[in-house]
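The values are calculated or read from the model by the stated rules, or taken from the named source; none is laboratory data. Keep in mind the model is a prediction, meaning the values are calculated, not measured. With ideal geometry, Cβ positions are generated from the backbone for all residues, glycine too; neighbour counts draw on all protein chains shown. We work out accessible area using only protein heavy atoms, side chains counted, and drop any ligands, DNA or RNA first. Shrake-Rupley method; radii C 1.70, N 1.55, O 1.52, S 1.80 Å.
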Amino acid sequence: MKRAQAIAPISSLQPPYSLVQREIEEGILPHAAATNVGVIVYSPMKNGLLSGKMTKERVQNLPGDDFRGRSPYFQEPRLTATLEMVEELRPMAARYGCSVGELAIGWTLRNPAVTGAIVGLRNPGQIEGVVQSANLKVEAADFQRIEDLLRKHGL
């Protein structure tokens, strides 16, 4: 990014970012914050995996042309570890009056370098919850609990 900025200004980036795909935290997010580059992340629910609605059965029944069937995030042992973590996040999400997917979106937006998130919806009824996730006020202790769960499950 530094080399590209020497040639032309960068206004914004659009990298993937979620609880289980965090590679941008070490280099990209700090540099973007330091250089005033907007970061609009995509796939904060990791292609539905963190939505709270994904199951092993649903993954097994994905159509053959669905890219998720070939994604390492939807393969064992990562699939089981992620789904177990999602189940452990349900009580926390319920305390905040949201779904696990909305909690996952809110988690990405907690980072001050992230200016927005692109979220896919399947029906209009999901809009309100997604919008509310932008205003989710998660306590620091719960963010630490999420980090602990990620470590526990090797994610």
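Tabulated values for the structure
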read-out	value
Check on ARG90, part of a helix (DSSP H, G or I), without any contact (Cβ under 8 Å) to a residue 24 or more places away in the chain and not aromatic (Phe, Trp, Tyr)	no
Candidates ALA113, ALA81 - the one that is in a helix (DSSP H, G or I) and at pLDDT 95 or above	ALA81
Subset of the stretch 1-60 (residues that are within 17 Å of the chain's Cα centre (by Cα), open to solvent by 70 Å² or more (accessible area, probe 1.4 Å) and free of Cβ contacts under 8 Å to residues at least 24 places away in the same chain)	GLU23, GLU26
Residue check for LEU62: modelled with pLDDT under 95, part of a loop (DSSP other than H, G, I, E, B) and not small (Gly, Ala, Ser)	yes
Within the stretch 1-42, considering residues that are out of contact with any Ser or Thr (no Cβ under 9 Å at 6 or more places or on another chain) and β-branched (Val, Ile, Thr), the one farthest from HIS153 (Cα to Cα)	ILE7
Positions within the stretch 74-87 being among the acidic types (Asp, Glu), free of Cβ contacts under 8 Å to residues at least 60 places away in the same chain and under 19 Å from TRP107 (Cα atoms), in sequence order	GLU87
Pair list, Cβ < 8 Å and 6+ apart or interchain, from the stretch 138-152 residues that are over 17 Å from ILE105 (Cβ atoms) and of a type in the set (D, E, K, R) to residues that are modelled with pLDDT of 95 or more and outside any loop (DSSP other than H, G, I, E, B)	ARG145/MET92; LYS152/MET85
Hits in the stretch 99-136 (condition: surrounded by 12 or more Cβ atoms within 10 Å (Cβ to Cβ), more than 26 Å from SER11 (Cα to Cα) and of a type in the set (Gly, Ala, Ser))	SER99, GLY101, GLY129
